[in-house]
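Please treat every number below as a calculation from the coordinates, not as lab data. This is a predicted model, so every value here is computed, not measured. FYI the Cβ positions are ideal-geometry reconstructions off the backbone, even for glycines, and counts take in every protein chain you see.
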Amino acid sequence: MTGSVTPLSLETVPGVLLLEDGSTFAGLINADAVPTVAEVVFTTNMTGYQEVFTDPSYGGQIVVMTAPQIGNYGVNTEDPESSRVQISGLVVREMSRTYSNWRATGDLPSWLAAARVPTLQEVDTRRLTRHLRSAGVMLGVVSVGIVPSDAARALLAAAPRMEGADLATTAATQTMYVYGAQNMAHHIVAVDFGIKENMLRLFSEEGCKVTVVPATTTAEQILAEKPDGVFLSNGPGDPAAISYAPAMIRGVAAAGTPIFGICLGHQLIGLTFGGSTTKMPFGHRGGNQPVKELATGKVLITAQNHGFSVEGDATAVTGAAELQVTHVNLNDGSIEGLRHRTLPIFSVQYHPEAAPGPHDARPVFHDFMATLRARG
Amino acid sequence: MPKRTDLHRILIIGSGPIVIGQAAEFDYSGTQATKALREEGYEVILVNSNPATIMTDPEMADRTYIEPVTPEYVEKVIAAERPDALLPTMGGQTALNIALALYDTGVLDKYGVQLIGANARAIRVAEDRQEFAAAMARIGLSVAQGGFAHNWDEAHALLESTGYPAIIRPSFTLGGSGGGVAYNREEYETIVRRGLDESPTSQVLIERSLLGWKEFELEVMRDCADNVVIVCTIENLDPMGVHTGDSITVAPAMTLTDREYQTMRDAACAIIREIGVEAGGCNIQFTVSPVTGDMLVIEMNPRVSRSSALASKATGFPIARIGAKLAVGMTLDEIPNDITKTTPASFEPVLDYVVVKCPRFAFEKFPAADPRLTTQMKSVGESMAIGRTFKEALQKGLRALETGRAGWEIGSRLIDDRLEDATLETLRGMLRQPTPERIFQVKRAMQLGMSDAELFETSAIDPWFLAQMRELLEAEVAYAALTDVTPAHLRGMKRMGFSDRQLGRLRNETEFDVRGRRHALGIRPSYKMVDTCAGEFPSETPYLYSSYDEESEAPRSGRKSVIILGSGPNRIGQGVEFDYCCVRAAIALREQGYETIMINSNPETVSTDFDVSDKLYFEPLTLEDVLEIVEREQPMGVIVQLGGQTPLKLTRGLEAAGVKILGTSPDAIDVAEDRRRFDAIARSIGIQQPENGTATSVGEAVRIADRIGYPVLVRPSYVLGGRAMQVVYDDVSLRDYFETAARVSEERPVLIDRFLEDAFEADVDAISDGVMVVIGGVMQHIEDAGIHSGDSACVLPPVRIPAEYQDVMRAHTVALAKALGVVGLINVQYAIRDGEVYVLEVNPRASRTIPFVSKAIGVPLASVAARVMCGETLAEIGFTEEIVPPFFSVKEAVFPFKKFREFDPILGPEMRSTGEVMGISESFGLAFAKAQLAAENALPRSGAIFVTVNDRDKASVAPIVKRFHAMGFRIIATSGTAAFLAGQGIPAEKVFKVHEGRPHALDLIVNREVVLLINTPMGKHAQRDDYTIRQAAIANRVAYTTTLSAASAACDAIEALATSQRVDVRPLQDWHAMLAAGRALPA
């Protein structure tokens, strides 16, 4: 997918993951892997590794799969969530040497190697997950060697932290483009902070023409497109670091245009109206997060992938009186959904578009569409 | 939503006796449901005829009815208890069917009983193929189209749903002969007619071609607020065509992309909503084309099932427990996750391990039965194993089966893998027709160079699974060829699940060599927790499995601990009774403050419920696996005498490794098995045994038999369930026996006893603390000597054994327990003939009858035994005197003959029953009648009785027939028997034998013109007739007895039924209150 770069070798040699706190996890890594530093996060998704690896929100992360056997069904051309592999590195218990699926077009190790993503395998991923759960996610470096090399250590020491890092601006498209047909019933501007393909697919299925714009697009530029609604996408990194976004959101809101945000988009809405965001100890990453819709009491099993959250609880968003909490996470009580008390603005922290993950929350898209239609 | 307050008393129906397809999983689900509902403050009333269950222990439910699980008896219970609601989803198909019958007949309405968990409509729509297909069509899903045809008209009708091309598969023909693909009407008719002709059962399956499609199961739960969660996905290694209970299955699904899985998940959510399971769980099976990805719905069961038990164990999400709470109106988010304790049950478990379930079969017990696996379930038990990879879990699962394979190993002989020769041609043929050995045939095929592509083409096992197996084989070959085994090599092999024994065999070493080396290198398993959340949240519940990884969890607590070894996969001869004993021990010792640690590999059972013991190790019960845990836990000792033969077989190895065995010493266990040592003890305390000897060769056996005289009873030592036990009448048969039994006896000698024909048999269970011995119960067998005690009905207290003989047996039992130094349980089997009491067998361990006796006398013997083993005295515990109940308890065995139609239902010394039922009443006759009814052998009150007995039995049958005649039954007999009866003044109508003309005996049975068959085996020559008649009785549900003693008991029972106004039901708690009242009287 990455064109002309030389793929990594599929031959494996002893390799190691070194975390910021000094702990190490041994395994086997591509023989010619270069030391790679990134935030190390775990995801509990049992299916959908190809979607995870291409999800821009995982951009710049070393992803640990808690599911122990990865690669079983190979890779195909239909499931990627963006145009390239987004993760910086992968840690698994076992990488499947072979694959079997009627849609498969190739094997996972080669696909990752082609994207030069180093894979550390044969790791006690449960020990690593438990460590991240109790110590919190942190930076790590994967490299060749039984013990971390000095070069790897130096690289880790020099690496910038995730807090305060604006990863979204670069993860997003740099040019405006249109997704789907031109002559659709509705027109949405999607502000791309690292958007997943499936969000666009779903809007398209809902009868929308989607104009995807770079993250830094201003309110004026957006409104000039005369959208029926504005969508704020998911994306990687610290929401507070995207300093230009609140002004854009306020501008769009002032025009009375409906706004819908997912994940990073949701966090940005929280920040815009006075709330704050905080880095969670180990985030929510997986396809089994129970979310309660407060108005109905209904529980949705949702797909999630975020390391930051909007501060507050079921009763209120801290510092944002204009916002009302609509959803909470049943595992830890964190905020999962917001609605503006007077404006047509709402957002969810989870991923209703899933991919990978359960489809329970898909109706959120219908809700947004209903808002658009209600406004004619 | 909070729980319902309009309900107070809830009735749960159990599944009755263990039969193939309905086993211990329903004890697990019923027990969980009972506990869950009582926790919420409801009163629970329970009906189940199976005494060998934890759920029927008196302290589990508020009111426990050990009564036949029939609509008639459940109605009696409803009338007596007036429950507000009936929870029908915990007792398998039996409970659902009875609930539906009670609903249809208006009984539930009449008594104002609500169905909760699943309503009548949901049960019906799920059951009825047509309604189900219509329901699926409404939500845009497809079902597999087709069905069975027995004649051309039926086949023609099926064509409408399948269309062309249609696959025609005749049932029970070799290699699918007679079948084919029809592309037009002409071909269709030709193939169908040929298939019907070739099928011995005149049956063909006609369907849209799904052979080789992949099979998946989802366990789904829904609450009354319409929240739905998927608990688990299961993928079958064996593709479509093999019953899921007979398949090797894997959790989670291994080969589905997220897109495909989410499609399936969406379908599952839609199905549970459309069928209308309002608050509870269901199991949904799907099939997926490996070529196009098309998905079809196979079926859904709106209840807990064997798969839900597996899913509960595989994920740590207790489906039955949660299901019971949902049924009373609670919602998923209100129920805590019992494993993490901090998160709610409204989530979907994620696994960071792989679970493999392997079925266990009993074809060695039914040699005539067809071993091919089809859509009818034939396995009798299963093992489950957890590993970090499929490879590791498969190897653990296969060695946990305890069938002599130390992992994915081919048999030492071709025949062990059901092969006649070692050619690829034969393998190709065999791989196409699944048998229990196919998994091993795959390995042989790989060894012979068959490619994965061809393996897939012949077996339709998914290429991914084949590739995993090939990795195992490649690793094996490489390991065997190493000149030097480095620690990394050894560790690598252990990570793939190879046992020390397998590794030893690969390099001509012993298991002990490998273990010694491994330990010296510090290569030890780590233990990881099953926590429902892949480590995302801290977990409180130490439910553990081993793997060769870095980090271990749930370290030693430091408390004084006891390890209890469970009984492994259920099999004939070792079933739920032993699990019952292990669970009782865990509960009792926990109450006494010990940390209890359970090791077991059986996912169906209560013992592997994570909250029964303090720590649960879901591990194979092999010496290697057990020793590693003992080493880690450093327990005070290990209990081996409660789990049947499985732990007993490990005793020597454990002792040799320095492990403390609690209770009776391993040496005493050995004495009981060692004929020579036992003879010495028997002589010293003056106990008679049948003349006997021990043979290690055929020649020796013949000499012994000549000395003591035929008939003789032969059996290998160290077996349970009478495996390979036979009564032999002459030299030829004896030589023949050695040919076939050598395999099971291995190096063990064969025991030869004089067979006491026409003796009474009895069983005594007792308990000893090393000083005092207390009799648990004396049971008289209903069947004569020569029939395995596990297959014989029995009654406690005895009805026909004079008190003086009972006392002799008691005295002998006490003397034996003391002489052997028993600390714990002992079971002694006796025969009484011509005024002489003989000891047949002594087993210093829990017997199969312990749960039955415990329920009959109101004392949990296994609990007492566990405490005694840990040092308490019987006096301290307060069990110092035998309790002889003033009522009768009858145990009756239940057989799988209906499943194995090819098999003659004659009883013998080899045990063949799968389960048991209990009947309790103040009269023996009624207790026996209830037991017969519960065993689905309901006794008639009037009609015609067909008598056909061998010459030897003619004299003895006359008085019995006379009694039947006096009660107004018509007597029908074949010419010889009729003439004899006439001579005794009993009028009998004559009927032709099968070969004499028509209408003959078989016609009478098929037409159900007789209500009871009394038939004793005629000997070799007339066998064919005999066999056909008995088979017909089973097939046509005509009550039958094959022994005169059972016929006599049946007569007692029918007399009792005739003279009682009505048969009462009474809960166990009331029977026990009667015993307590009796005991309170001064002696």
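Using the alpha-carbon centroid of each, what span in Å lies between segment A:97-155 and segment B:764-795?
For segment A:97-155 versus segment B:764-795, the Cα centre distance is 61 Å.
Return a whole-number percent for the relative contact order of chain B, with Cα pairs under 8 Å and 6 or more residues apart as the contact set.
10
Modelling each spin label as a point 7 Å along the Cα-to-Cβ direction, I'd like the B:Asp294/A:Ala185 distance in nm, to one decimal.
3.3
Under 28 Å from the Cα of B:Lys818, which lysines turn up, not counting those fewer than eight places away in the same chain?
Output for B:Lys818: B:Lys649, B:Lys660, B:Lys855.
Rounded to the nearest Å, what's the spacing between the alpha carbon centres of segment A:166-243 and segment A:327-376? Just the number, please.
17
Count, for each residue of A:94-100, the Cβ atoms from other chains sitting within 10 Å of its Cβ, then give me the mean as a whole number.
6
Just A:Ala355, A:Ala115, A:Ala215 to compare: in a GNM of chain A, with alpha carbon springs under 10 Å, which one fluctuates most?
A:Ala115
Using a Förster distance of 56 Å, how high is the FRET efficiency between B:Arg800 and B:Asp513, based on the Cβ-Cβ distance and rounded to 0.05?
It comes out at approximately 0.45.
If one computes P(r) from the Cα atoms of segment B:671-894, what percent of pairs lie at distances over 28 Å?
In whole percent, the share of Cα-Cα pairs in segment B:671-894 beyond 28 Å is 30.
Would you mind working out the magnitude of the charge dipole of the protein assembly as shown relative to its Cα centre, with +1 at each Lys and Arg C-beta and -1 at each Asp and Glu C-beta, to the nearest 20 Debye?
Roughly 600 debye for the protein assembly as shown.
In whole Hz, with x marking every Gly and Pro, tabulate ³J(HN,Hα) for segment A:320-330 from phi via Karplus 6.51 cos²θ - 1.76 cosθ + 1.60, θ = phi - 60°.
10, 5, 6, 9, 10, 7, 9, 9, 10, 7, 7
What lysines sit close enough to B:Lys962 to cross-link, taking a C-alpha to C-alpha distance under 21 Å and skipping anything fewer than 8 places away on the same chain?
Once the sequence-local lysines are set aside, what remains near B:Lys962 is B:Lys954, B:Lys990.
Can you tell me the length gained on complete extension of the stretch B:Asn950 to B:Glu989, counting 0.36 nm per residue apart and subtracting the Cα distance?
12.3 nm
Could you name the lysines in cross-link range of B:Lys325, using Cα to Cα under 16 Å and dropping any fewer than eight places away on the same chain?
B:Lys325 reaches B:Lys3, B:Lys35.
Taking just the C-alpha trace of segment B:96-243, give me its Rg and Dmax in Å.
Calculated on Cα positions, Rg and Dmax stand at 19.6, 57 Å.
Report the gain in length on full extension from B:Gln592 to B:Thr1028: 0.36 nm times residue separation, minus Cα-Cα distance, nm rounded to one decimal.
Gain on stretching B:Gln592 to B:Thr1028: 151.4 nm.
Distance in nm between label sites at B:Asp104 and A:Ala157, each 7 Å beyond Cα in the beta-carbon direction?
Once both label points are built, they end up 8.0 nm from each other.
So who's got an amide H within less than 5 Å of the one on B:Leu115, skipping anything under 5 residues away but keeping other chains? H placed 1.01 Å off N, in plane.
B:Leu86
Would you tell me the mean number of C-beta atoms belonging to other protein chains that fall within 10 Å of each C-beta in A:289-298, as a whole number?
Mean number of neighbouring Cβ atoms from other chains: 3.
FRET efficiency for B:Ala137 and B:Ala1035, Cβ-Cβ distance as r, R0 = 35 Å, nearest 0.05?
After rounding, the FRET efficiency stands at 0.50.
Round to a whole angstrom and tell me the spacing of the C-alpha centers of segment B:451-495 and segment B:537-591.
31
How high is the relative contact order of segment A:12-158, in percent, with contacts defined as C-alpha pairs under 8 Å that are six or more residues apart?
Result for segment A:12-158 is 36 percent.
Across chain A, how many lysine pairs, 8 or more positions apart or on different chains, have C-alpha atoms separated by under 30 Å? Please give the number.
Close lysine pairs found across chain A: 8.
Which semi-axes, in whole Å and largest first, does the equivalent ellipsoid of chain A have when worked out from the alpha carbon gyration tensor as the square roots of 5 times its eigenvalues?
In descending order the semi-axes read 35, 22, 19 Å.
Between A:Arg375 and A:Ser276, what is the label-point separation in nm under the 7 Å Cα-to-beta-carbon projection?
3.1
Would you please give the residues with an amide H less than 5 Å from that of B:Ile972, counting only those at least 5 places away or on a separate chain, with H modeled from the backbone geometry?
Counting only residues 5 or more places away or on other chains, the set is B:Ile945, B:Phe946, B:Val947, B:Glu989.
On a full-extension model of 0.36 nm per residue, what is the gain between B:Glu72 and B:Arg491, subtracting their alpha-carbon distance, rounded to one decimal in nm?
Contour length minus the Cα-Cα distance gives 144.8 nm.
Summarise the partner chain shielding of B:348-359 as one whole number: the mean count of Cβ atoms from other chains within 10 Å of each residue's Cβ.
Taking the mean over all residues of the peptide, I get 4.
Taking the Cα atoms of chain B alone, what are Rg (to one decimal) and Dmax (as a whole number) in Å?
Using the Cα atoms of chain B, the pair Rg, Dmax is 28.6, 86 Å.
B:Asp1070 to A:Glu11: FRET efficiency via 1/(1 + (r/R0)^6), r the Cβ-Cβ distance, R0 56 Å, to the nearest 0.05?
About 0.15, to the nearest 0.05.
Place a point 7 Å from Cα of A:Thr296 in the direction of its Cβ. Which residues in segment A:251-282 have their backbone N less than 20 Å from it?
A:260-263
Taking only the alpha-carbon atoms of the protein assembly as shown, what semi-axes of the equivalent ellipsoid follow from 5 times the gyration tensor eigenvalues under a square root, in whole Å, largest first?
Rounded to whole Å, the semi-axes are 60, 35, 32.
Largest first and to the nearest Å, give the Cα extent of segment A:166-286 along each principal axis.
45, 33, 23
Got a sec to turn the phi values of segment A:97-104 into Karplus ³J(HN,Hα) couplings, 6.51 cos²θ - 1.76 cosθ + 1.60 with θ = phi - 60°, whole Hz, x for Gly and Pro?
6, 10, 9, 8, 6, 5, 9, 5
Residues with amide H under 5 Å of B:Asp352's amide H, sequence separation 5 or more or different chain, H placed in the peptide plane at 1.01 Å from N; which?
The list, which skips near neighbours in sequence, is B:Ala534.
Whole-Hz Karplus ³J(HN,Hα) for segment B:605-612, in order, using 6.51 cos²θ - 1.76 cosθ + 1.60 and θ = phi - 60°, x for Gly and Pro?
For segment B:605-612, the Karplus curve yields 9, 5, 4, 9, 6, 5, 9, 6 Hz.
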